[in-house]
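The structure under discussion appears below in the form of structure tokens.
The values are calculated or read from the model by the stated rules, or taken from the named source; none is laboratory data. A quick note: this is a predicted structure, and the numbers were derived from the prediction, not measured. Neighbour counts are summed over all protein chains in view; Cβ atoms, including those assigned to glycine, are modelled from backbone coordinates with ideal geometry.
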Amino acid sequence: MAETTEINSGRQRSWYKRNEIAVTPWLFLAPAILFFAVYVIIPIFQSINISFYDWDGLGEATWVGLDNYVELADDRAFEISFWNNFKWLIFYLLAIPAGLFIALFLNQTVTGIRIYKSLFFFPFVLSQVVVGLVFSWFYLPNEGLLSNFLAWFGVDGVNILGDPTLATYGIIAAGLWPQTAYCMILYLTGLNAVDPEQVEAARLDGAKGWKMLWYVIIPQLKPATFIAFVVTIIGALRSFDLISIMTNGGPFGQTRVLSFYMFEKALSEFGFRMGYGAAIAVVLFLIMLVFIAYFLWSMWKEEKGH
């Protein structure tokens, strides 16, 4: 009789009770998935759709097909923006080794190490707007700290942000300041997880200095390095605020990047070409997608290997 009652109760259990373990995690994830779909996935497809139209954002949109993309191919400003993004991508990666070596220094037991950590951590908590203003003052051709420093060596004041060939590199240098601090924090966290037994075993085998770093420490910092690469590359590709604050795309449009050029075309005072701006956004998205796909594939391959 008792067995019959248990069987009947098992049959009467709801679908949720029978699948509770599998369904519950998805219920917790549902709000995040909904927000991600509404604010990320759907806008991506909307942007792709708008890129096929000539639209000022207010009136009726006119279908133009691939005309916006054809125009991009002959747009000199787009070409400059594209190559500036490439410069950002290359030089921004310097933040990763710089952050690693600062973290290695701060990971030691040195007198006043907490003060050093605070000083190196400080740029990370500053907003990009503040960083841009600080470096704008730093680069002033006459009153700036850089000009005064160069004057000690007999070099006249250099107008970094006013020189079309130097301005982009000056902005990248400003961006490297907080980005290096961020990479440093990632590596400091990673160094706390380094296995001391492996380090001790390597010392017994005679490893020290660069060999210790290259063969023992860095392999154990692979997760931190992976995150640093992802964040740094995405940060380089979506750079906007520093350019807006420091040069506003000048001089002569030589410091534009794709995100800033998209803003100029779609949303600035003389823009309102939503379709053309969306086409620029799609190109930038495709560039990011290449890196994101590679990182996701690397993660999947790493998980599969384990």
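I'd like the full set of residues that are surrounded by fewer than 21 Cβ atoms within 10 Å (Cβ to Cβ), within 25 Å of Phe82 (Cα to Cα) and in contact with a helix residue (DSSP H, G or I) (Cβ under 9 Å, 6 or more places away or on another chain), limited to segment 138-173.
Of everything in segment 138-173, those that are surrounded by fewer than 21 Cβ atoms within 10 Å (Cβ to Cβ), within 25 Å of Phe82 (Cα to Cα) and in contact with a helix residue (DSSP H, G or I) (Cβ under 9 Å, 6 or more places away or on another chain) turn out to be Asn159, Asp163, Tyr169, Ala173.
Within segment 238-272, can you find the residues that are at pLDDT 90 or above, farther than 12 Å from Ile80 by Cα, in a loop (DSSP other than H, G, I, E, B) and under 20 Å from the mean Cα position of the chain (by Cα)?
Correct list: Phe240 only.
With touching a strand residue (DSSP E or B) at 6+ places or on another chain (Cβ under 8 Å) and without any contact (Cβ under 8 Å) to a residue 24 or more places away in the chain as the only criterion, which of Trp83, Trp63 stands out?
Answer to the check: Trp63.
Report whether or not Phe101 is at negative phi, surrounded by 13 or more Cβ atoms within 10 Å (Cβ to Cβ) and either in contact with a Gly (Cβ under 6 Å, 6 or more places away or on another chain) or hydrophobic (A, V, I, L, M, F, W, C) (or both).
yes
Within segment 226-250, track down each residue that is buried (at least 16 other Cβ atoms within 10 Å of the Cβ), more than 19 Å from Phe285 (Cα to Cα) and not hydrophobic (A, V, I, L, M, F, W, C).
Ser244, Thr247, Gly249
Among the numbered criteria (1) farther than 30 Å from Ile280 by Cα; (2) at pLDDT 90 or above; (3) of a type in the set (Val, Ile, Thr), which single criterion is violated by Thr189?
Going through (1) farther than 30 Å from Ile280 by Cα; (2) at pLDDT 90 or above; (3) of a type in the set (Val, Ile, Thr) one by one, Thr189 breaks only (2).
Could you tell me whether Val194 is at negative phi, among the β-branched types (Val, Ile, Thr), assigned to a helix (DSSP H, G or I) and surrounded by 14 or more Cβ atoms within 10 Å (Cβ to Cβ)?
no
Right, Tyr53: under 26 Å from Leu188 (Cβ atoms) and surrounded by 18 or more Cβ atoms within 10 Å (Cβ to Cβ) or not?
So Tyr53 does not fit the description; no.
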